[in-house]
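For reference, the structure discussed in these notes is given below.
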Number of protein chains: 2
Amino acid sequence: MAQKLTLKKIAQDLKVSISTVSKALRDSYEISEETRKKIQEYAKQYNYKPNSIALSLKNQKTKKIGIIIPEIVHHFFATVISGVEHVANEKGYQVIICLSGESFDKEVVNMEMLANGSIDGFILSLSKETMSKQDFHHLREVINQGMPIVMFDRVADDIPGDKIIIDDVTAASEATDFLMRKAKKNVGILSTVDYVNVGRLRTQGYSEALMKRGVEVNQDLILKIEDIDHCDELIEKFIDNNPSLDGIVAVNELFAVTASKILLRKGKRIPDDVAIVAFTDGMLSKYSNPSLTTIGQNGYEMGGIAAAKLIDRLEQDQKDEERYETVIVKTSLIERESTP
Amino acid sequence: MAQKLTLKKIAQDLKVSISTVSKALRDSYEISEETRKKIQEYAKQYNYKPNSIALSLKNQKTKKIGIIIPEIVHHFFATVISGVEHVANEKGYQVIICLSGESFDKEVVNMEMLANGSIDGFILSLSKETMSKQDFHHLREVINQGMPIVMFDRVADDIPGDKIIIDDVTAASEATDFLMRKAKKNVGILSTVDYVNVGRLRTQGYSEALMKRGVEVNQDLILKIEDIDHCDELIEKFIDNNPSLDGIVAVNELFAVTASKILLRKGKRIPDDVAIVAFTDGMLSKYSNPSLTTIGQNGYEMGGIAAAKLIDRLEQDQKDEERYETVIVKTSLIERESTP
DNA sequence: TTGTACGCGTTATCAG
DNA sequence: CTGATAACGCGTACAA
């Protein structure tokens, strides 16, 4: 097993000094053609690669970005990571991933681990628990140490950092209005509890769309779900309680597809009896039966923007311009079988 | 913005030497109670954390493991990562993720990037292109440098490293037999081209199950799909060409759910007319309509085992026992609506 | 009890 | 043209 090659070993083998080797490999004009060639060939033959840890230490830059998300098995987050990874790699950065599992403590621990020099900056989407606690001290600490943070999707409003979000209010409003334009009179929403930003905002957009058309908001048509694991019963009860329901906006695929199955089981037709629009365009929407009309959140694009913003900030060392930006990524309504 | 605290700065501030600080923080008996307390309190107050890069360089260990997978948006891979991450974090390791996007070149580049000292070991699942080329020089190089590799799912048989796989042959055989036990007489398989290991093995298992029951293997009932993007037409043609088809084994969810939609559209009933068993238990299987009976690959478990094996190997520095292990993870047949 | 010196791998600066 | 030295941050063997 050939031990990993270092400048030192090359220097020993070729009986020159370390600095000569270093310079030769960087094509320094100070080194004679002859030695340069000799060293470069030797390095190439034995496949020398500079040790990135040593470089990190020297340059005080790791060329790595850390990303903390609640769950990787959610398609949306996977898409975002994919976008982050793509842009980051293009710019010579690597991506370290940690999962909070929606837990505040794990989010804090992960941030602390990564903040000890492992990475140059953060991209993150906050855990549900963090959102409900509204405790952001860990973010503040990291920022105080001069490490930039880009948040996406689940963001903390009053934290200094760039934010990449979609306009949830408008998107939900458009989804609702879309259903009403399809002559649906009793549109309900399957949302999350209010401390989840996106749930609150989407509920708000839903209400606004109704009001704009002079329809009164009926609280019975708003279901706020806390625990995703037992959404079935809640949704079924909701449907039973609202026999006139003819349109549903769901804040995620899962709620939508669950509702769809329950409706079909009860003999309703989709989209004729009840039409559905879901947030988050993922595998479920595309391949479920019937396929779902969705609001695409363009996660890949969000991830790319987040990475680009972060790397920009890392590479313009002037930390003047302490003005942080909030980018609003456009959503797209993708029509499928669940709407007329 | 408080600059990141180092031993050096603490030493300056407290007017002691660096090593005194270092020792004090590690509770060395060499340091007097008094100074120790003073230093520890100061460190705590200003939230000192040792720089992990410096530690990596010193210890020649990064406590990071690299994972390279084809795509993160595939639920199976996301599950595996989740398992890796869980076990790794438990043992104090971080996870760096790179995506090959099914491209050989990107896989090579990523490996080289990570192998330059960024990580202690690899977990990977090979890209399709790598499988078809059968070019594993990048793996050999890394291994030659003394970096352990654990492969899962898509593995290279003759590469020295641990392997975590499922018994694809047996699983496919069981799936096929399960359909035959349900009185299905003409079971077909939607598979991938043969250079994708799992496709080949599952096709083999399918054939074996037929032969065991004295049924002749009919090549018309075997569809090998190369490009996942245009599987619709292929599957539709396949179904049209086999009117007596009454059972389908699909090597992934997507093929299964696509077939399911096409069948329903053609007025077939599932599972009465055609029953379906899919590999990879993901969101689609669970929530599609009808939900799919699947072979669960237990990705979370695979990831956990891979991480545990890798870390074991990293921490037992004796690299004696150069005997590598192949762990076969049990699959589980999860019955849902697509089978009687 | 405290401090000095060294090494991990690299590069930049300065001396020869 | 080449080599020695310092520095990045840390831990530790050794010296005071």
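The values are calculated or read from the model by the stated rules, or taken from the named source; none is laboratory data. Note that the structure is a prediction, hence the values are computed from the model and not measured. Cβ placement follows ideal geometry from the backbone for every residue including glycine, while neighbour counts extend to all protein chains displayed. In case anyone asks, the SASA skips ligands and DNA or RNA and just uses the protein heavy atoms, side chains included. Shrake-Rupley method; radii C 1.70, N 1.55, O 1.52, S 1.80 Å.
At-a-glance table
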item	result
Exposure rank, largest accessible area first [A:211, A:180; 1.4 Å]	A:211, A:180
Lysines whose Cα lies under 18 Å from that of residue B:237, excluding same-chain neighbours fewer than 8 positions away	B:224, B:261, B:266, B:268
Across the identical copies, how the residue B:180 labels are spaced - nm, sorted shortest first, 7 Å along Cα→Cβ	6.0
Percentage, to the nearest whole number, of Cα pairs in the range B:65-154 over 20 Å apart	29 percent
Normalised contact order of the range A:65-216, rounded percent, pairs of Cα under 8 Å and 6 or more residues apart	19 percent
Length-normalised contact order for the range A:67-120 - Cα pairs under 8 Å, 6+ apart - percent	42 percent
Sparse-neighbour loop sites [GluC sites (Glu not before Pro); the range A:1-44; at most 13 other C-beta within 10 Å; DSSP]	A:30
Between the range B:162-231 and the range A:99-117, the Cα center-to-center distance that results, in Å	43 Å
Neighbour cut-off at most 14 other Cβ (10 Å), DSSP loop, chymotrypsin sites (Phe, Trp or Tyr not before Pro), the range B:1-64	B:29, B:46
Computed [θ] at 222 nm, helices only, for chain A once each DSSP H run of length n ≥ 4 contributes -39500 (n - 2.57)	-14000 deg cm²/dmol
Cα gyration tensor, the range A:168-297 - rounded (a/c under 1.5), prolate or oblate	rounded
On Cα atoms only, tilt of A:104-115 relative to the major axis of chain A in degrees	20 degrees
Exam field: residue A:218 pseudo-label spacings to other copies (7 Å along Cα-Cβ), nanometres	5.4
The protein assembly as shown shape via C-alpha gyration tensor axes, a/c threshold 1.5	oblate
Angle between chain B longest axis and helix B:168-181 axis [Cα atoms, degrees, rounded to 10]	40 degrees
Around residue B:336: net Lys/Arg minus Asp/Glu count, Cβ-Cβ under 11 Å	-2
Per-residue mean of C-beta atoms belonging to partner chains within 10 Å, peptide A:55-66	3
P(r) histogram, all alpha-carbon pairs of chain B included - 10 Å bins from 0, percent	5, 22, 24, 18, 13, 7, 5, 3, 1
Rel. contact order, % - alpha carbon contacts under 8 angstrom, at least six apart, the range B:138-260	26 percent
Residue-averaged beta-carbon neighbours from other chains (10 angstrom radius) around B:86-98	4
The range B:259-337-the range A:323-340 distance, computed between alpha-carbon centres (Å)	32 Å
Degrees separating the helix A:231-241 axis from the principal Cα axis of chain A, which is the longest one	20 degrees
Averaged over A:280-290, number of beta-carbon atoms from partner chains that fall within 10 Å	5
Inter-copy label distances at residue B:19 (7 Å, Cα→Cβ; nm, one decimal)	2.7
